[in-house]
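The values are calculated or read from the model by the stated rules, or taken from the named source; none is laboratory data. Nothing here was measured: the structure is a model prediction, and the numbers come from that model. Here the Cβ positions follow ideal geometry from the backbone for every residue, glycine too, while neighbour counts run over all protein chains shown.
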Amino acid sequence: MSTAVTPFRVAVPEADLTDLRERLARTRWPEAETVGDWSQGVPLEYLEELAGHWRDGYDWRATEARLNALPQFRTEIDGLGVHFLHVRSPHPDAMPLLLSHGWPGSVVEFLDVVGALTDPEDPADAFHVVCPSLPGFAFSDKPAEAGWTIERTAAAWDELMSRLGYGRYAAHGTDWGSFLTAILGETRPERLAGIHIAMPFARPPQEQVELDERDLAGLAALKEFQQSEGAYSVLQATRPQTLGYGLTDSPAGQLAWMVEKYWAWSDHDGDLDKVIPRDRILDAVSVAWFTATGASSARVYWESHNKMALGPVGVPTACSLFPKDGRMPRAWCEGRFTDLRRWTDHDRGGHFPALEQPELLVGELRSFFRPLR
């Protein structure tokens, strides 16, 4: 196995952009929903308008340039080609920081925070940022065999940090990245200065614990989520291949499948554009479309959904909780994260903090990791 780290640039062929526009123009639309809200899925009028903007207004080349303005690389780990951003701070004593995304995200989710993290006003807040694409996502390889669980991916990310020369590092994650980051704290405690996660998960403790109003509301919201929002995860956990045919062949299908989650999981007043501009949504959808990763990215659910041990984590931990994201009781999380040093219930934000509240996220990372350097 080669351990070489080679530079990488994104270069989508012009023929692929032309094909996308032609496919969008030929979309065979269903009839409109029979309700006046999103309870049946993405409304027809909304998706037609957004697809029209993707076809005629969105500038992929601008996003491609934003990616290529940052140092990108690929390397082989455990037989899989892994793509990652590696942006070193101009401050040599900066802390290495591993950023891990989830689904339906990709590395583009973090583009708006890389600059503030690597080159802050105060050098004491500086990070060397490493941001890999999960297996089967974006510009990483698609696994050709089963077995790429989140635990295996966490081990690969630790190997990546070693390969880049980082003996000790910090880590942050959202969605699947939250699970991955916690697993790193569980399995590689000697390597982690600390972890910062959104959406922490833990099992109920054996003993009875007191729950406050926020805890009870969070559990009720999780139950409601499984009943009214969880169908996507059941499908991706059981039939990702079948789903992949539609997502890989239809850009309108890929758009609808992803934008529904950005709309449902973000903290907004009904106008998603106010929180996440539509072009940032289309960045994520475009990456998924051009790399044809509808099936391969869904397989992380087949590999790991409801299958993780959620074992004890003893490294310094911070949890950021956002009102439109999943929230488990603090007492449960304290049972798993035994060195829980920071627990922040934010008054705004959702599942995508780097997109919705980038300044807030950067401030949290600076504040928590500053004394751990």
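A few comments on the model shown:
- In summary, Cys131 fulfils each of the numbered conditions (1) crowded, with 21+ Cβ neighbours inside 10 Å; (2) outside any loop (DSSP other than H, G, I, E, B); (3) in contact (Cβ under 8 Å) with a residue 60 or more places away in the chain with the single exception of condition (3).
- Single residue of segment 155-169 satisfying the filter (in a helix (DSSP H, G or I) and among the small types (Gly, Ala, Ser)) that is surrounded by the most Cβ atoms within 10 Å (Cβ to Cβ): Ala156
- Any hit, segment 187-205, residues being out of contact with any strand residue (DSSP E or B) (no Cβ under 6 Å at 6 or more places or on another chain), over 18 Å from Trp176 (Cα atoms), at pLDDT below 95 and surrounded by fewer than 21 Cβ atoms within 10 Å (Cβ to Cβ): yes
- Candidate set: segment 335-357, residues that are out of contact with any Gly (no Cβ under 6 Å at 6 or more places or on another chain) and either surrounded by fewer than 17 Cβ atoms within 10 Å (Cβ to Cβ) or free of Cβ contacts under 8 Å to residues at least 24 places away in the same chain (or both); chosen: the one nearest to Leu310 (Cα to Cα): Leu340
- Of the residues Asp279, Asp249, the single one that is modelled with pLDDT of 95 or more, of a type in the set (D, E, K, R) and out of contact with any helix residue (DSSP H, G or I) (no Cβ under 8 Å at 6 or more places or on another chain) is Asp249.
- Test set (1) touching a helix residue (DSSP H, G or I) at 6+ places or on another chain (Cβ under 9 Å); (2) surrounded by fewer than 16 Cβ atoms within 10 Å (Cβ to Cβ); (3) in contact (Cβ under 8 Å) with a residue 60 or more places away in the chain - Leu24 fails condition number: (2)
- Against the conditions (1) surrounded by fewer than 13 Cβ atoms within 10 Å (Cβ to Cβ); (2) more than 19 Å from Arg278 (Cβ to Cβ), Asp19 satisfies every one except (1).
- Against the numbered list (1) in contact with a helix residue (DSSP H, G or I) (Cβ under 7 Å, 6 or more places away or on another chain); (2) not in a strand (DSSP E or B), Ser320 comes up short only at (2).
- Residue in segment 32-47 that is assigned to a helix (DSSP H, G or I), out of contact with any Lys or Arg (no Cβ under 7 Å at 6 or more places or on another chain), loosely packed, with under 14 Cβ neighbours inside 10 Å and among the charged types (D, E, K, R) present: yes
- Residue that is farthest from Gly81 (Cα to Cα) [pool: residues in segment 293-334 that are surrounded by 22 or more Cβ atoms within 10 Å (Cβ to Cβ) and of a type in the set (A, V, I, L, M)]: Ala318
- Among the residues of segment 140-150, those that are touching a residue at least 24 places away in the same chain (Cβ under 8 Å) and surrounded by fewer than 21 Cβ atoms within 10 Å (Cβ to Cβ) comprise Asp141, Lys142, Pro143, Ala146, Gly147, Thr149.
- Looking across Trp289, Trp302, one residue alone is in a helix (DSSP H, G or I) and within 22 Å of Ala146 (Cβ to Cβ). It is Trp302.
- Among residues of segment 1-38, those that are modelled with pLDDT under 95 and either of a type in the set (Phe, Trp, Tyr) or farther than 30 Å from Asn68 by Cβ (or both), counted: 0
- Hey, Trp29 within 24 Å of Ser266 (Cα to Cα) and either assigned to a loop (DSSP other than H, G, I, E, B) or under 23 Å from the mean Cα position of the chain (by Cα) (or both) or not: no
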